[in-house]
Structures are given as C-alpha cells and as structure tokens.
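No lab work stands behind these numbers, since they all come straight from the coordinates. Since we're looking at a predicted model, the values are computed, not measured. When we count neighbours, we look across all protein chains shown, and the Cβ atoms used for this are built from the backbone with ideal geometry, even at glycine.
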Amino acid sequence: MQQNQAIHKNDLLQALRKRYDYWSARAVLNQVLDESGMAEQKTFGPEQIRELCEEIRSIGDRVDRVIREIARLAEKIEKATRPTPAAPARTSKTTAKKAAPPTGSKGTGGKKTKAAPAKANKGKAKPSKGGKKGKK
C-alpha cells in the first residue's frame, strides 16, 4: 500500500482530538486499534478506516465530529489516488471567435449600444486643404 493511499495513525489521533483532550484521544485510539486487531499498524487503508470508524462509534459518544474529520481525510486520499481526466483540447482564439455567437460592442457585457450622433458643424467652415485662409 502506498503512503498516499492510507491515513496515518497520527492523522487519526488528530481527528480524535476534535472530541477528546490529548491523553484521552490517545487512550481511545489505542483502545480502538486493540479491539480491531490493528494495534501494530501505522497506516490504514479505506476498508480499515471504515472498521475503525465503526469501532469509534461503538465505544464513544458524541463522536460525529471525529467521524466527519476521518471521512474528510479519507475523501482527500481518494481524490489524490483517482486518475486525473485528460485536459480538454485547446482551441485558438480565432476558432473560439468563430464558434461564439455575436455580441454587442466590447465592454458592454453583450448589450448592443447605439453610436453617438455626429456633432453638427455649427457655422464654422472647414479650412480648405490648399493652405492659407484668404489670400491678400
């Protein structure tokens, strides 16, 4: 059994500390391990953890918090041992733009906006391209 696929004895002790003080947690852990026949082990797999949780429930009261903590540790180990799914294929920006539905102008959150009306030329003539204003 690999190290990352098991819960260490110290992790169980820390979980028991959610309910008991240090010395009581050690006593409960030793009792649970003795009664389940796992006193010599230092690491525990998923099936052994289930057995230990049942044993903790049988000898302790108000141990729900302890059981939840052990379950959280077991779930963390299961996630670490699951094979990771392959990453989805990357698409280029141009492919993504072609596939995306058209939206409004940038920065408006997809809302279409009207263009501002052009400013009216209020009596001022544009200078000609030829150069100077009025020759003398």
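Among 64, 11, which comes first, second and so on when ranked by fewest other beta-carbon atoms within 10 Å?
Going from sparsest to densest Cβ surroundings: 64, 11.
Please compute, over every Cα-Cα pair in the stretch 3-81, the percentage with a separation greater than 21 angstrom.
Tail of the P(r) past 21 Å holds 17 percent of the pairs.
Ranked by Cβ crowding within 10 angstrom, fewest neighbours first, how are 62, 19, 57 ordered?
Least crowded to most crowded, the residues run 62, 57, 19.
Only counting other Cβ atoms within 10 Å, I'd like 12, 52 sorted with the fewest neighbours first.
52, 12
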